[in-house]
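Engineer: Provided herewith is a single structure, encoded as structure tokens, for subsequent inquiry.
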Amino acid sequence: MNKPFAITLDVGSSLANLTGSWRTSKPVYVDRIPPCNMTCPAGEDIQGWLYHAESGDYRAAWEHLMRENPLPAIMGRACYHTCESACNRGQLDTAVSIHAVERFLGDLAIKEGWLITDKAPPTGKKVLVIGAGPSGLSASYHLARLGHAVTLCDAGPLPGGMMRFGIPKYRLPREVLDAEIGRIVALGVELKLNTKIDDIPKAMKDGGYDACFAAVGAHLAKRVDIPAPDAARILDAVSVLRHMETGEEPPMLGRRVIVYGGGNTAMDVARTAKRLGAEAMVVYRRTREQMPAHDFEVREAEEEGVVMHWLRTVKQVDEASFTVEKMTIGADGWPQPTGEFETIEADTLVLALGQEVDTTVLSKIDGVKVTRDGTIQVDQGMMTGYPGLFAGGDMVPSDRTVTVAVGHGKKAARNIDSWLKGASFAPTPRHGLATFERLNPWYYTDAPKTVQPTLDILRRRTSFEEIHSGLDETNALFEARRCLSCGNCFECDNCFGVCPDNAVIKLGPGKRFDFNYDFCKGCGICAAECPCGAIDMVPEEK
Amino acid sequence: MPNETVQPIKFYQTGTLTVGNRLLDPEKRTVQASGERTNAITSGHRACQGCGEALGARYALDAAMRATGNRVVAVNATGCLEVFTTPYPETAWQLPWLHSLFGNAAAVASGVAAAMRAKGRPEVRVIAQGGDGGTTDIGFGCLSGMFERNDDVLYICYDNEAYMNTGVQRSSATPPAARTATTPAVGDKPGNVFGTGKNLPLIAMAHGIPYVATASVADLRDLEAKVQKAMTIRGARYIHVFVPCPLGWGSASQDTIKLARLAIESGLFPVFEAEYGEVVRSRAIRRKVPVEDYLKPQRRFAHLFKAGKPDVDRIARLQAVADANIKRFNLLRPDGDA
Ligand SMILES: Cc1ncc(C[n+]2csc(CCOP(=O)(O)OP(=O)(O)O)c2C)c(N)n1
Ligand code: SF4
Ligand SMILES: [Mg+2]
């Protein structure tokens, strides 16, 4: 025995001692759904594409985004970004400016001419899409990527629907709109303009379509009866905005315009009137707080010089003056007339009281049901009562935003795809929410949100130039990196570093980590120190 | 006293605060973030769940191994770190490692350094390490001699504030009011008495040695930077690492790093660096917390928070200790809020 004095055993390694047997609970990696993704009406994987943008791989970020939404440059401008109100970073300093990064990616893709090329092999199925608004465009895009032959018809002279005829240029430049629509067409979608379809079942049969998605929107303006002489000029918001796009001359609005209503469309018209040189006023029967328009729209309108008259109803229209009645909010929260009247000098009234769906074409189809509020009834999978006919966007019960419409288009496309294959579409089950409480905010450094430059106020009042400009690369990268990656591992190596037992295995870039349960004692430090809450401690079975 | 030891990377997703960061250049990443780190203490050691000492020692020695190209020998005092890594005949150590007695680690290390010099291998560096008991009490004479002779040794003390290995007895590093087996929570002044104990980093500084630093398992980058720096210096060096002990402190095993962080953020454990007896840098508090935040999760301080009658006076005295540290080491300043 060749050993020193008093040594009888060979040197052994502690690796022989499987300390994992001490464990009473074990760590497991989880993916939770971040609040931004949870609220996104278009179902974007926001955290997922920000992850790529953080490393400067904008192409990968854009492609990831495009899996769910074909219109990032539009969406980055026109979406009301509910994601940002839900963003956990808002509880730390300010929410990630998700829309600004989305827009940066969208603009970059247009500038670089990026195209989507990966498409499923042709299925041999044909789908008719009616309405080239956000919903129809989104459905066409997803159906085309799924390998179906798509024909997209629109009754109007130009594609885009409310994105063109509802959202003013200063919020959405037309080059951007055209570029993103062009990319969908480039995917092989056949676009037929000035094509109104009055008999859908017949059109499907004649054209040999296997399914149809209808999304013609809601563009019948609601009206009210207001006593007025014949000569009084009363217009509706939808036609004013539409005229801006199609007319040779801008609409005749006169010198002083009253816009009646308190929604986003009312703001759009008032701001448009202001830009056309008119004096613009908004009359709304309730208070500012009760306005359905988004706060920032009202604020921007006010900054641009739009005058607001809250708690007023229009009672009588004369050629150069309007009579309005003061209102008060009753105990039930509804406006009550006070019997007090005022006169406002104005020469044009624009009604912005909301829009209704033209159901004449659909309601006459067998099995299609119209709901009590005049929209088309669809099932979970967006299908109407007529087999193979799906509907979405503003014409079905919804929040009526561009993003909701885009989401409908995607959802319908995926359901149509399953229906055409004789299956039913089963969305992947959602993970639990990545709440703020699950984060360890210590690890995130302070970094307030980058402010998007706003066009100076004088130019905003007089021109139709876009009022918000985009982020440059540095800003976009900075902004993307503010993302906390809520509930999804971003490979910060914390678990790998903090384990006193070296029981975390690093799998390499992009591959995340694994636990070595032979040695993990279940102390839970990794879970406690995970910045983004992507580790759960699960009790071991007895 | 700016925070120079820490890399000035701002506005990344997590700044410099996580162990790794996939957005950083590889050479700027921590040793612990690397899949190739040496794991000076390998798995299978018998430290308790959530042991701060096992973690701190791996952090420090991996950094030292990286800094020296693995040419480093460790000499260990008796204590948990020695016991849980080397139950005969097993070892968890992945570097040449020696253990002699409880109180003589500094002297043995001085001897190893002399031997290396004699053998013409001065590139082999020597680290001595021990717990707070082995350092501030029984090993103090040997350590002071090592400092005085300016022997070429880096001494690292892993401070868990008591003699943990033998069942949580008080050491001269045990904080006031803490309950230990020898300072029980009984009588009208439960726990350790106020006004006793030693501050070893300050005593080390008084020897005028080239480098003294404090560090914590809650700030890995800072700890690695300090070990790395210490390895560039010849002569006697001292690093005092704060390592929570779930068993001895009566804290939850997952709270080890959190408690270390709260000790820093409350001001109770000042993190600083000194050269030749002068403080040259300190780590600013980032999110200041009252001492209660740190004390409450630990059962050794539970007697301060008895339901219905918290020990307001002695909590205030502990707060005064923190406030004095904040003042002395200038811990509250604008660069802390990053
Ligand atoms: C001379 C001598 N006295 C007492 C002991 C018993 N003993 C072994 S470890 C230890 C406590 C160590 O405490 P510390 O140095 O703080 O290290 P920790 O275990 O807390 O890490 C004691 C008292 C001993 N081994 N040798
Ligand atoms: S921080 Fe990132 S992942 Fe979390 S909610 Fe905001 S954008 Fe989404
Ligand atoms: Mg100790």
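Engineer: How many Cβ atoms of partner chains, on average, are near each residue of A:518-529 if near means within 10 Å of its Cβ?
Structural biologist: Average neighbour count from other chains, rounded to a whole number: 6.
Engineer: Gap in Å between the Cα centre of region B:214-228 and the Cα centre of region A:69-120?
Structural biologist: 39
Engineer: How much mean residue ellipticity at 222 nm does chain B get from its helices, if each DSSP H run of length 4 or more adds -39500 (n - 2.57) and you divide by all residues, to the nearest 500 deg cm²/dmol?
Structural biologist: Computed ellipticity for chain B at 222 nm equals -9000 deg cm²/dmol.
Engineer: Which values of log₁₀ I(q)/I(0), to two decimal places, follow from the Debye formula for region B:186-280 at q = 0.10, 0.11, 0.21 Å⁻¹ with a uniform point scatterer at every Cα?
Structural biologist: -0.33, -0.40, -1.09
Engineer: Can you tell me, using C-alpha contacts under 8 Å and at least 6 residues apart, the relative contact order of region B:157-288 as a whole percent?
Structural biologist: 24
Engineer: Go through region B:86-102 and flag every residue whose accessible area shrinks by 40 Å² or more with all protein chains in place compared to the isolated chain (probe 1.4 Å).
Structural biologist: B:TYR88, B:PRO89, B:GLU90, B:THR91
Engineer: Per the helix-only calculation at 222 nm, which mean residue ellipticity applies to chain A, given -39500 (n - 2.57) for every DSSP H run of n ≥ 4 and division by its residues, nearest 500 deg cm²/dmol?
Structural biologist: Helix contribution divided over all residues of chain A: -8500 deg cm²/dmol.
Engineer: Check cross-link reach from A:LYS410 to the lysines: straight Cα distance under 16 Å, and skip same-chain residues fewer than eight apart.
Structural biologist: The reachable lysines, counting only those whose Cα sits under 16 Å from A:LYS410, are A:LYS119.
Engineer: A further question on this structure: Quick one: compute the contact order of region A:221-354, relative version, from alpha carbon pairs under 8 angstrom and 6+ residues apart, as a percent.
Structural biologist: So the answer I get is 34 percent.
Engineer: Also, I was wondering about something else. Report the accessible surface area buried between chains A and B, summing both sides, using a 1.4 Å probe on protein heavy atoms only, in Å² rounded to the nearest 100.
Structural biologist: So the total buried area for this chain pair works out to about 4300 Å².
Engineer: How would A:MET38, B:MET205 rank on accessible area, largest to smallest, probe 1.4 Å?
Structural biologist: A:MET38, B:MET205
Engineer: Determine the relative contact order of chain A: mean sequence separation of Cα pairs under 8 Å and six or more apart, normalised by residue count, in whole percent.
Structural biologist: RCO, chain A: 22 percent.
Engineer: Work out the charge dipole of chain B with +1 on the Cβ of Lys and Arg and -1 on the Cβ of Asp and Glu about the Cα centre, then indicate which of B:THR38, B:ALA218, B:ALA54 is farthest towards its positive end.
Structural biologist: Result: B:ALA218, furthest along the dipole toward the positive end.
Engineer: Using only the alpha-carbon atoms, how far is helix A:237-246 inclined from the longest principal axis of chain A? Give it as 0 to 90 degrees, nearest 10.
Structural biologist: The angle comes out near 90 degrees.
Engineer: Another question about this same structure. Write down Rg/Rh for region A:221-354, rounded to two decimals, with Rg from the C-alpha atoms and Rh from the Kirkwood relation over Cα pairs.
Structural biologist: 0.95
Engineer: What residues does region B:18-32 have that are buried by at least 50 Å² of accessible area in the full protein assembly compared to the chain on its own, 1.4 angstrom probe?
Structural biologist: By number: B:THR18, B:VAL19, B:ARG22, B:LEU23.
Engineer: Using the eigenvalues of the Cα gyration tensor, what equivalent ellipsoid semi-axes result for chain B when each is taken as the square root of five times the eigenvalue, whole Å, largest first?
Structural biologist: That gives 30, 24, 20 Å for the three semi-axes.
Engineer: Follow-up. log₁₀ I(q)/I(0) of region A:65-108 at q = 0.19 Å⁻¹, via Debye over equal Cα point scatterers, no solvent, to two decimals?
Structural biologist: Those come out to -0.56, one per q.
Engineer: Going Cα to Cα from B:LYS198, which aspartates and glutamates come in below 13 Å? Please leave out same-chain ones fewer than 8 positions away.
Structural biologist: The qualifying aspartates and glutamates are B:ASP132, B:ASP137, B:ASP159, B:GLU161.
Engineer: Just to confirm, what accessible area per residue do you get for region A:221-354 at 1.4 Å probe, in whole Å²?
Structural biologist: 46
Engineer: Now for a separate question. What whole-number distance in Å separates the alpha-carbon centres of region A:151-212 and region A:11-53?
Structural biologist: 43
Engineer: If you take each beta carbon of peptide B:37-49 and count the beta carbons of other chains within 10 angstrom, what is the mean?
Structural biologist: Averaged over the peptide's residues, the number is 6.
Engineer: If the cut-off is 21 Å between C-alpha atoms, which lysines fall inside it for B:LYS119, apart from same-chain ones fewer than 8 positions away?
Structural biologist: B:LYS119 reaches no qualifying lysines.
Engineer: Write down the percent of antiparallel bridges among all DSSP beta bridges whose residues are both part of chain A, to the nearest 5.
Structural biologist: That works out to approximately 45 percent antiparallel.
Engineer: Using the structure shown, list the pairs from B:LYS189/B:LYS309; B:LYS229/B:LYS258; A:LYS26/A:LYS506; B:LYS229/B:LYS288; B:LYS226/B:LYS327; A:LYS111/A:LYS192 with a Cα-Cα distance above 19 Å, or answer none.
Structural biologist: Beyond 19 Å between Cα atoms: B:LYS229/B:LYS258; B:LYS229/B:LYS288; B:LYS226/B:LYS327; A:LYS111/A:LYS192.
Engineer: Further question on the same structure: Which order do the peptides A:136-148, A:88-100 come out in when sorted by mean C-beta neighbours inside 10 angstrom, highest first?
Structural biologist: With the highest mean Cβ count within 10 Å placed first, the list reads A:136-148, A:88-100.
Engineer: Jot down the radius of gyration and Dmax of the protein assembly as shown, Cα atoms only, both in angstrom.
Structural biologist: According to the Cα coordinates of the protein assembly as shown, Rg and Dmax are 35.3, 120 Å.
Engineer: Compute the separation of the alpha-carbon centres of region B:138-200 and region B:266-329 and state it in Å as a whole number.
Structural biologist: Cα centres, region B:138-200 to region B:266-329: 17 Å.
Engineer: Same structure, new question: Would you mind telling me which residue in B:PHE269, B:PHE194, B:PHE102 has the biggest mean-square fluctuation in a Gaussian network model of chain B, where springs connect alpha carbons within a distance under 10 angstrom?
Structural biologist: Of B:PHE269, B:PHE194, B:PHE102, the most mobile in the Gaussian network model is B:PHE194.
Engineer: OK, next. For region A:221-354, give the percent of accessible area contributed by carbon and sulfur heavy atoms, probe 1.4 Å, rounded to a whole number.
Structural biologist: Whole-percent figure for carbon plus sulfur exposure: 47.
Engineer: Per residue, what volume in Å³ does the convex hull of the Cα atoms of region A:178-300 enclose?
Structural biologist: So the per-residue hull volume is 198 Å³.
Engineer: Counting only protein heavy atoms, what percent of the accessible surface of chain B is carbon or sulfur at a 1.4 Å probe?
Structural biologist: Of the solvent-accessible surface of chain B, carbon and sulfur hold 54 percent.
Engineer: Rolling a 1.4 Å sphere over the protein heavy atoms, what is the accessible area per residue of region B:49-164, to the nearest Å²?
Structural biologist: 32
The values are calculated or read from the model by the stated rules, or taken from the named source; none is laboratory data. Owing to the predicted nature of the structure, the values given are computational and were not obtained by experimental measurement. Please note: Cβ atoms are built from the backbone with ideal geometry, for glycine as well, and neighbour counts cover all protein chains shown. Quick note on the areas: whole protein, heavy atoms, side chains included, nothing else; ligands and nucleic acids left out. Shrake-Rupley method; radii C 1.70, N 1.55, O 1.52, S 1.80 Å.
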